[in-house]
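Let me begin by presenting the structure, written as structure tokens, before commenting on it.
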Amino acid sequence: MEVGRMDIDLIFSELFTGEGSGLIAIAFAIAFFIAVFIAVSAGWFRLILSIASFAYPSARVRAMGNPLVTAEGADTLSDAGDLLELFERAGRSGHSIEYREGMTADDTERLIRHYHYTLLGNLAVSVPDAIHSLILGYIQVYEGLEVAAVLRGIAGGLPGDLIEKRAVPIGSFSESAIRKAAHSGSVEEAVQRLDRAGILPRIRDLWKVVGEQEEYAAFESALLSESYLSLMMTARGIEESQYEPAVLMAGRMIDCKNLGILIRGRLSGADAAAIEPFLIQKGGFEITDDMLRALTRSADLVELSSLISETMYSPYIEPFIEQVRKSRDPGAIEMALSQCLLDVGRMVSSQYHLGSGPILRYLMALGIECENLRAAAAGILYHVPAETIRGQMVVEVSGR
């Protein structure tokens, strides 16, 4: 034992003498390389942990799929003979919705919205923490739509009971909040009640800036724009590993929303000053700043199409320009923009398949599935031919 202690004393003695300077240099070099290895490894460990956290949620949404945006799924829905058969077919495709005989068109539409929001809520509690806030931001877009529908009903003088009956709870917009807002005496009173309940954080500020100065339509537009901008802010603030797919999804959504507004504005003959307040001014992916201003000032649909010729959106919009220009109905282009978002989801899933990509694809396609289901239900209720119903559905196109 004494010999061992002397050896250790000798080593430390040499380390702190001129003869031991070489050992000190070696020790520092080893420590440096260990520190570098740990620093580099930490990034890889975080990446591996991130991939692992998405493995099960991604596998789950892949297993569920989005059957109602396939050609087969659309055919299945459009061939249904009545609403009961429609929902039975949807159930066999994986979308079990509790339809009851005798439901009205309003009841059916509300039922599908409620089902959609339930799935969104279920998804929000099952995704990794890295994108939890993004899913909540996406839900808030639909929350804004529901709030806007309630306020629009008040502005239009609809009875409070009818407004309440048509609304669907989502996010923080609970049944209690709906009831209080729906039975308000004015839009301003409803805004105050929603603000006190913490529904849409900036709703009262928007009312003071826009609602008190402009007509209701401008306020609703500002409200919905705020929801999309909030989604983009959330996307830009999430974990770095998920930043790119999140910003891509939010930015493309804003681009498509703005294009839809611009096209409707061009068809109505509105000038730039009339269209501009309805646009989402920030957050677009390709259509930003100078391009957005140029599109707002475009003379007609042909010029608008020319201005976006180098963007992703041109192949979707350009084929329908002449048809829409003649019919004055933007429906074909709006469907094309939905098709674009469906393809964006597929692209995100493929490019970011080890992270949030599959979940974001499921999220975007789910909304279009519910739109297809609503189109089929409306077609059946109004006795529209099956082939016409099928033409109103958005489905994945192979080879794109």
Practice prompt. May I ask you to list pairs of residues, at least six apart or on different chains, whose Cβ atoms are under 9 Å apart, with the first in region 304-325 being of a type in the set (A, V, I, L, M) and the second being in a helix (DSSP H, G or I) and open to solvent by 70 Å² or more (accessible area, probe 1.4 Å)?
Written response: Ile308/Glu318; Ile321/Val302
Item to complete: Kindly list, by first and then second residue, each pair from a residue in region 167-187 that is closer than 12 Å to Glu143 by Cα and at pLDDT 95 or above to a residue that is open to solvent by 40 Å² or more (accessible area, probe 1.4 Å) and among the aromatic types (Phe, Trp, Tyr), limited to pairs with Cβ atoms under 6 Å and residues at least 6 apart or on different chains.
Response: Ile170/Tyr142
Practice prompt. Among the residues of region 240-298, write down those that are assigned to a helix (DSSP H, G or I), among the polar types (S, T, N, Q) and touching a residue at least 12 places away in the same chain (Cβ under 8 Å).
Written response: Ser241, Gln242, Asn258, Thr296
Worksheet item: Is one or more of the residues making up region 286-299 of a type in the set (Gly, Ala, Ser) and over 16 Å from Ser314 (Cα atoms)?
Response: yes
Response to the item:
Flagged in region 353-397 as open to solvent by 40 Å² or more (accessible area, probe 1.4 Å), modelled with pLDDT under 95 and under 30 Å from Glu240 (Cβ atoms), in numbering order, are His353, Leu354
Worksheet item: Where residues in region 110-129 are open to solvent by 20 Å² or more (accessible area, probe 1.4 Å) and small (Gly, Ala, Ser), which of them is nearest to Leu366 (Cα to Cα)?
Response: Gly121
Response to the item:
Considering residues that are buried (at least 24 other Cβ atoms within 10 Å of the Cβ) and aliphatic (A, V, I, L, M), the number found within region 217-252 is 5
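Just name the residue that is nearest to Ile139 (Cα to Cα) out of those in region 82-119 that are assigned to a loop (DSSP other than H, G, I, E, B), small (Gly, Ala, Ser) and in contact (Cβ under 8 Å) with a residue 24 or more places away in the chain.
Gly94
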Worksheet item: Among the numbered criteria (1) out of contact with any Gly (no Cβ under 7 Å at 6 or more places or on another chain); (2) at pLDDT below 95; (3) open to solvent by less than 20 Å² (accessible area, probe 1.4 Å), which single criterion is violated by Ala299?
Response: (3)
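The values are calculated or read from the model by the stated rules, or taken from the named source; none is laboratory data. All figures in this text were calculated on a predicted structure; none of them were measured in a lab. No Cβ is skipped: glycine too gets one built from the backbone with ideal geometry, and neighbour counts run over all protein chains shown. Only protein heavy atoms, including side chains, enter the accessible area calculation; ligands, DNA and RNA are left aside. Shrake-Rupley method; radii C 1.70, N 1.55, O 1.52, S 1.80 Å.
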